[in-house]
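The values are calculated or read from the model by the stated rules, or taken from the named source; none is laboratory data. Computed from a prediction, not measured in an experiment: that's the story for all the values here. Neighbour counts run over all protein chains shown; Cβ positions are idealised from the backbone, glycine included. Each accessible area value is taken on the protein alone, full model and side chains, heavy atoms only, with ligands, DNA and RNA left out. Shrake-Rupley method; radii C 1.70, N 1.55, O 1.52, S 1.80 Å.
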Amino acid sequence: WHCLGHLYQQIGFYENAIAAFQYAMALEEEFFISHYQIGVCYMAIEKYQDAISSFMAAIRLDSHDLFALFSLAECYESIEQFEHARSYYKRCTQIAPNMFEAWHGYAATLEAQEKYYEAITFYKTAVELNDQDAEAWLGLATCEYKVGNEFSAQEALQKAIQLNPEDPQLFEDWASMLLEDGEPAAALQLLRCGISENPLSPVLQYQFAA
């Protein structure tokens, strides 16, 4: 039943997958992996409270499982319960200090609450552990910019662009932020750079023209 659930999960039939995993648990209640996979399925269909319940059940069976702890943190972050999210990201870093994804997640929750100075510290840890994490560099750039460290922000932004130049969303979001802060010249320069990397992006073309 668990294998059938996994097959349904792979092709995106999440409700069928959940039913199969639940049947597997009916046969063996303390089947950790089925609790975890049910949580993953609920996350995929954005039923975060149900996912949280499933991950909690998994953690009761194995309190040190990084996959369940990290997924639980992501669920809490998705529903903007940032304190709860940070508590589980922190547990991940305690178990696996080199888990850059957890440091990144911790920083992102701080950024979401506009705690930019604190977020900078954790983003820096994330990129020290994995300097190929473009999203962490972008988060670091945003936080540095928000606290007035424009030179550091530009350095981090350039790193993010180098790692992921074909992501028009990166240019769009940053240009929007610059416009909101009254920096139209800087926004136009960034959009030109974005269009040179993504000449077929209608979003960037429209934003530049506007």
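The loop-placed GluC sites (Glu not before Pro) in segment 36-89, going by DSSP, that have at most 16 neighbouring Cβ atoms within 10 Å of their Cβ come out as E46, E80.
To the nearest 10 degrees, how steep is helix 100-112 against the longest Cα principal axis of the chain, on a 0 to 90 scale? The angle comes out near 60 degrees. Taking a probe of 1.4 Å, how large is the accessible area per residue of the chain, in Å²? I get 54 Å² per residue for this part. Is the C-alpha gyration tensor of segment 115-210 telling us rounded, prolate or oblate? Criteria: a/c under 1.5 is rounded; beyond that, a/b larger than b/c is prolate, otherwise oblate. Here segment 115-210 falls in the oblate category. Each residue of segment 50-65 was assigned a 3J(HN,Hα) from its phi angle through the Karplus curve 6.51 cos²θ - 1.76 cosθ + 1.60 (θ = phi - 60°); the sequence is 5, 4, 4, 4, 5, 5, 4, 5, 5, 5, 5, 8, 8, 6, 10, 6 Hz, with glycine and proline shown as x. For segment 114-127, 3J(HN,Hα) computed residue by residue from phi via the Karplus equation (6.51, -1.76, 1.60; θ = phi - 60°) reads 6, 9, 5, 4, 5, 4, 4, 4, 6, 5, 4, 5, 4, 6 Hz, glycine and proline entered as x. For segment 124-210, the share of accessible area belonging to carbon and sulfur comes to 50 percent (1.4 Å probe, ligands and nucleic acids excluded).
Of the residues C3, C92, the one with the largest accessible area comes first in the ranking C3, C92, computed with a 1.4 Å probe on protein heavy atoms. Which shape class applies to segment 20-101: rounded if a/c is under 1.5, otherwise prolate when a/b exceeds b/c and oblate if not, where a ≥ b ≥ c are the square roots of the Cα gyration tensor eigenvalues? Taking the square roots of the gyration eigenvalues as a ≥ b ≥ c, segment 20-101 is oblate. When shorter helices are ignored and each DSSP H run of at least 4 residues is given -39500 (n - 2.57), the per-residue value for the chain at 222 nm works out to -25000 deg cm²/dmol. Extending 7 Å from Cα along the Cβ direction at E135 and again at D181 yields two label points whose distance is 2.2 nm. Tell me whether the chain comes out rounded, prolate or oblate; compute the Cα gyration tensor, take square roots of the eigenvalues as a ≥ b ≥ c, and use a/c under 1.5 as the rounded threshold. Prolate, since a/c reaches 1.5 and a/b exceeds b/c. By a 1.4 Å probe calculation restricted to protein chains, S53 has an accessible surface near 70 Å², given to the nearest 10.
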